[in-house]
1. What number of residues within segment 8-47 satisfy the criterion of being among the charged types (D, E, K, R) and under 27 Å from residue 235 (Cα atoms)?
2. Considering 177, 190, 121, which residue is under 10 Å from the mean Cα position of the chain (by Cα) and closer than 26 Å to residue 239 by Cβ?
3. Among the candidates 40, 64, single out the residue that is buried (at least 16 other Cβ atoms within 10 Å of the Cβ), under 19 Å from residue 196 (Cβ atoms) and modelled with pLDDT of 95 or more.
4. Looking at 240, 219, 200, can you tell me which residue is more than 26 Å from residue 313 (Cα to Cα), in the same structural domain as residue 281 (by TED's automatic domain parsing), out of contact with any Phe, Trp or Tyr (no Cβ under 9 Å at 6 or more places or on another chain) and assigned to a helix (DSSP H, G or I)?
5. Output the number of residues of segment 67-93 satisfying the condition of being buried (at least 19 other Cβ atoms within 10 Å of the Cβ), assigned to a helix (DSSP H, G or I) and at pLDDT 90 or above.
6. Please identify the pairs in which a residue from segment 111-130 that is within 7 Å of the ligand (Cβ to nearest atom) has its Cβ atom under 7 Å from the Cβ atom of a residue that is among the hydroxyl-bearing types (Ser, Thr, Tyr) and part of a helix (DSSP H, G or I), counting only partners at least 6 apart or on another chain.
7. As an exercise: evaluate residue 297 against (1) part of a helix (DSSP H, G or I); (2) within 18 Å of residue 114 (Cβ to Cβ) and give the number of the one condition it does not meet.
8. Out of (1) in contact with an Asp or Glu (Cβ under 9 Å, 6 or more places away or on another chain); (2) at pLDDT below 95, what's the single condition that is false for residue 107?
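The values are calculated or read from the model by the stated rules, or taken from the named source; none is laboratory data. Predicted model only: the values in this text are computed from it and were never measured. FYI the Cβ positions are ideal-geometry reconstructions off the backbone, even for glycines, and counts take in every protein chain you see.
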Amino acid sequence: MTAVTVRVPAKVNLQLAVGPARPDGYHEIVTVFHAVSLYDEVTVSHSDRGRVTVTGEGADSVPDGDGNLAMQAASALARAAGLPPRRIPRVASDAAADGAGAVAAGVAIEIRKRIPVAAGLAGGSADAAAALVACNELWRAGLSHAELAEVAAGIGSDVAFALVGGTSVGQGRGERLTPALVAGQYHWVLAFASGGLSTPEVYKACDRIRAARGFTVSPPRPSAGLMAALRSGDPAEVGPLLGNELQPAAISLRPELRRTLAVGREYGALGAVVSGSGPTCAFLVTDAKRAVDLIVALTGAGVCRSAVRVVGPAQGAVVVSPSEISG
Ligand code: ATP
């Protein structure tokens, strides 16, 4: 095998409850992850000199060296599988000596991005999950799904979810997953903003807003109402129960999102929510036709950079054959 390509989905958060900050700096959260049909593709191949190339949506703002989450995932997998040192990425100083973009001997990683960067859609985590699955195959490392999930949890909060996809409740930092029972398929419009938001900055803003309001932070809990609505398969029941406790913080940093959400509701969305740390807004609609109408309304009103129609739940990271690879 000389190359392996993996397709991996973006996520939206149907619920995001934020608890207290932990001693390690992360917040304790409860979230309902939902994978949607917006995909990045990651191809890995053998190489004497490690390198990462990124093309597509937001490629300029994605690190192409050790900082790339896909390369970090390849490195973590090599260590977990006990592969020979030549396959383990060298440290940044060695990489710098090799010239720009040169990082890990033994693997070349090509990322084709459709998931916007720093958009609250976990695109970087998705690429990391894709790299884990792809390198496991390329190197015939033989890690089980459970072992890959353990490596994923060590890379970032959302990586384990991107491996499995579907709809899951995430606890801890989001890495402890329990699959959710969901009926049917949901139609969404994602409204992309210009520029991204830094997740740590949004959490800091959340802490500031809560402190200024004298808010007592209690342990986060899953919404029983939302879980029941998801089992019903009725988007009209799910829509009003979407919720994100980071939303006020995202809006404080990007006030224009308030109008984006309002226009979506005005034009028939059953539910409207900022995804994760934003700035992408996710709108739940009844069907594909309503999704197209809403895209026209949002772009016509000038309240987003662009908008796309997706469905969920989508499958997690999966190896695709050459004929399935998009051009
Ligand atoms: P979160 O998972 O915190 O919600 P996000 O979806 O808001 O993240 P990402 O697209 O995952 O944001 O990117 C966050 C940061 O990670 C970016 O600013 C980028 O510099 C870095 N990064 C590293 N590797 C990648 C990658 N393969 N794709 C995108 N961003 C990457």
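1. Total satisfying the criteria: 2.
2. Unique residue meeting the criteria: 121.
3. Details: 64 fails: modelled with pLDDT of 95 or more.
Unique residue meeting the criteria: 40.
4. Step by step, each of 240, 219, 200 is checked, and only 200 is more than 26 Å from residue 313 (Cα to Cα), in the same structural domain as residue 281 (by TED's automatic domain parsing), out of contact with any Phe, Trp or Tyr (no Cβ under 9 Å at 6 or more places or on another chain) and assigned to a helix (DSSP H, G or I).
5. So the count comes out to 10.
6. What qualifies is 117/61.
7. Looking at each condition in turn, residue 297 falls short on (2).
8. Of the numbered conditions (1) in contact with an Asp or Glu (Cβ under 9 Å, 6 or more places away or on another chain); (2) at pLDDT below 95, the odd one out for residue 107 is (1).
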